[in-house]
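One structure is given below, encoded as structure tokens.
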């Protein structure tokens, strides 16, 4: 559907969910912050950004210092300010709740600081450090690897990031709802990391490439994320079943510009919400989420659910897809009503089969682990699909390999990946430092 | 219903709220609108030989996102001809006979000039005269304004000249830009003044532009010290007003019209409790317009009704006996901070304020159950590292962080006061962002009241202490 001006631009369909603060608004909000001692918001942030510090710098007019304080803790502070579920992180921990007041809008303040800084030509400040001899390879160019690479470069190590996709940034570039983060924002941040001296190589990693890496690099960081999205396990098939991440990447990269009239999304996680809302904004008349359990079981954050309702997304609870077929251009999604028993198991209700007619089915029922790659790494232990690491250092059971992000935690937030990546970088640096000392000794 | 009518040194007005001599009282049209809005009186913008003002005249200090905590100006007295001002006084008085119109005056330091202006102002119908001995900029360089107000002899001489000619009450407006404001108040008393008004504005430079290095207000790249006023100066004004109103040297205190940061009825009540008969307002009216007087009248009347005061005289000066010199304060009175755990939101501002800015008695060492005795733990901001891993909580996967204690805030974030070390300084209760969360409570010492003056007198009478043995 074309809009009033006759254009069909993505940004007009996906305006910012939380519009940016102007400087006056930022100033007023920054002044609300109580400047807690040992602030709970800082503890709640996986990257432990010193929130009162950066907010007070906004209120003193020191936006440069504010952005640098954020970057000190979190090199992807700009994208995190847009994509973080702040309601369950920093803002959720804000003491203002105890006073019956709205939490300080930390996310929007962070975005104000970061965007003012980058718009004004600011870059990630380089630490004073000696260049190190060792080199590290990061596999995957998503947030975990970017954070790992940035920290390692800051400590003087040579870093190369490998990714099979044309554009770096991982899900920040390809997978975040457009009204939260645009690829251009993600790529600007990638350029900041590149500016530290990190190299990026577009390459599919296979066994041979891994062998070469072990030869050429002193340590390898696995920030590979997750694999394909889980397939819908139903009878029948049609081409009009497109998984949520593919759907999101397609509209973000412009390969689709509109959604058909009737869209059904299967699953009720945050990605399902993103896909269902995107379908509405891309012109779908109806966008319905089908979920086999009830509202209280959904893994999407409560505010994401509220947002979906606001966008006009419909919900069918306790409904499980059973079959799919396409007849005369119409997709028929056969469903059954199910109920959750006291043991948590699902039970099909008798004679409850019904059919939903639609034009597109988008499964959003989780991503499978990227086992085909990580299983090729010798000595790296996989536990129930996740790479097993030492939480404090990110080190895997093969001491030269470290890991972080979705491949370790099964799929969490950008900020969790950043924290993992940075911890791993410090783990790598400590390991390589010890080795150097041992050699000298 | 409380009666707000005022008789101040013989000047009558329907309420004690007067506009101070300043831009809001520049002309008759403004003052009539002000009276319509409810103001009881107005002190006309100082009348004298017209001056030329500069362009760019005001500057202010913002604080914590709020505008105009403090305000300053480099404007001089009226730039309108004397006859125009006098004609308008006459018009205003004709239309508003019940309201007080006070002519603020400033002419060169010549007896004839003062006699002349007094006669003309009274001839126009002014209810009283206010001698502007306070203007801190421009006029003082010409031997007027604060140049007079800073020298008691000059102030006395001119007041005497004015009293020779005046038939209406004469008020002397005092400058705060002096070591002891009482010296000029006494001079006015000696000269027979009928009342005082205080304080005039305080010498100030409000701000420097960090890009151009120019002070504000900027007049073609330069500025001059201006007169500071607004909410920021109220505590200074209250102190000076109290000093003057308690001073009995050279005669009993004169009626005082309080000036300095009055913007609400509460401010006005404070000045009146320290003995003022009326208050004068400028900055607040410049910020929000004449309409602010509606709540000043309403709030004052409601407060008086609640307290059972029928007239202003019934509470004027009630707080004066409670201001004393430090040496007369009771050294055996002890209060300590008490934290209401149920209200605490865990910001820990009291803790860091006490540790860094006071007496190190508020601790972050609460544990489950009571803490016995004296625990000294100097909490530092948590060091975040690999050992303090936090993740985005997914309700299905991650258990909620355990909440300790019976209060809405987890026990480890609620500070604890060590009463044996607390000196009762109030700092924690001042920084606490939650009303009534930290209160200061009395801990009787069991000792009779004793002041420093009494203690030192007692020491003088006591036998000398034995010399310390080496």
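Rule-based calculations on the coordinates, nothing more; no lab input. Note that this is a predicted model, so its numbers are computed, not measured. Quick reminder, even Gly has a Cβ in these numbers, built from the backbone with ideal geometry, and neighbours come from all protein chains shown.
Remarks
- Sorted by Cβ neighbour density within 10 Å, fewest at the top, the residues B:158, A:327, B:102: A:327, B:158, B:102
- Among beta bridges that DSSP assigns inside the protein assembly as shown, antiparallel share in %, nearest 5: 45 percent
- Residues of region A:346-364 with amide N under 18 Å of a point placed 7 Å along Cα→Cβ from residue A:294: A:346-350
- Note on region A:329-410: Kirkwood radius taken over Cα pairs, Stokes-Einstein applied at 37 °C and 0.692 mPa s, translational D equal to 199 µm² s⁻¹.
- Remark: C-alpha extents of region A:1-136 on the principal axes read 55, 49, 28 Å, sorted largest to smallest.
- Residues of region B:30-64 with an amide N closer than 15 Å to a point placed 7 Å from the Cα of residue B:12 along the Cα-to-Cβ direction: B:41.
- Residue A:123-residue B:49 pseudo-label distance in nm [points 7 Å out on the Cα-to-Cβ vector]: 6.6 nm
- Mean separation of Cα contacts under 8 Å (6+ apart) over length of chain B, as relative contact order %: 14 percent
- Cβ-Cβ distance of residue B:420 and residue B:326, R₀ of 22 Å, FRET efficiency by 1/(1 + (r/R0)^6): the value works out to about 0.30.
- Here the simple spin-label model places points 7 Å from the Cα toward Cβ, and for residue A:397 and residue A:430 these points are separated by 2.1 nm.
- DSSP beta bridges in region B:6-322 [antiparallel fraction, %, rounded to 5]: 40 percent
- Per-residue mean of foreign Cβ neighbours for A:414-425 is 2 (Cβ atoms of other chains, 10 Å radius).
- The slack between residue B:288 and residue B:163, meaning 0.36 nm per residue of separation minus the straight C-alpha distance, is 41.3 nm.
- Ordering of A:209-222, B:136-149 by burial proxy (mean other Cβ atoms within 10 Å per residue, highest first): B:136-149, A:209-222
- Packing order of peptides B:197-207, B:168-178, A:125-135, highest average first: B:168-178, B:197-207, A:125-135 (average count of other Cβ atoms within 10 Å over each peptide's residues).
- For chain B, the longest principal axis of the alpha carbon atoms and the long axis of helix B:111-123 meet at an angle near 90°.
- By the beta-carbon count within 10 Å of each Cβ, the least crowded to most crowded order of B:189, B:401, B:222, fewest first, is B:222, B:401, B:189.
- Rounded if a/c under 1.5, otherwise prolate or oblate - the protein assembly as shown, Cα gyration tensor axes: prolate
- Degrees, to the nearest 10: B:293-307 long Cα axis against longest axis of chain B: 60 degrees
- Relative contact order (%) - region B:217-286, alpha-carbon pairs under 8 angstrom, separation at least six: 33 percent
- At 1.306 mPa s and 10 °C, Stokes D of region A:126-234 from Kirkwood alpha-carbon radius, µm² per second: 108 µm²/s
- At full extension, residue B:388 and residue B:109 could sit 92.9 nm farther apart than now, given 0.36 nm per residue minus the alpha carbon distance.
- Taking each DSSP H run with n ≥ 4 as -39500 (n - 2.57) and averaging over every residue of chain B yields -8000 deg cm²/dmol at 222 nm.
- Within 10 Å of each Cβ in A:43-50, the average number of Cβ atoms from other chains: 4
- Cα gyration tensor shape for chain A, rounded if a/c is under 1.5, else prolate or oblate: oblate
- Descending by average beta-carbon neighbour count within 10 Å, the peptides A:100-110, A:237-247 line up as A:100-110, A:237-247, the highest first.
- Using a cutoff of 8 angstrom between alpha carbon atoms and counting only pairs six or more residues apart, the relative contact order for chain A works out to 16 percent.
- Take each residue in B:420-429, count the other chain C-beta atoms within 10 Å of its C-beta, and the mean is 0.
- Degrees between helix A:244-253 axis and first principal axis of chain A (Cα, 0 to 90, nearest 10): 70 degrees
- Shape of region B:6-322, Cα gyration tensor, a/c cut at 1.5: rounded
- Separation in nanometres of the label points that stand 7 Å from Cα toward Cβ, at residue A:31 and residue B:91: 3.9 nm
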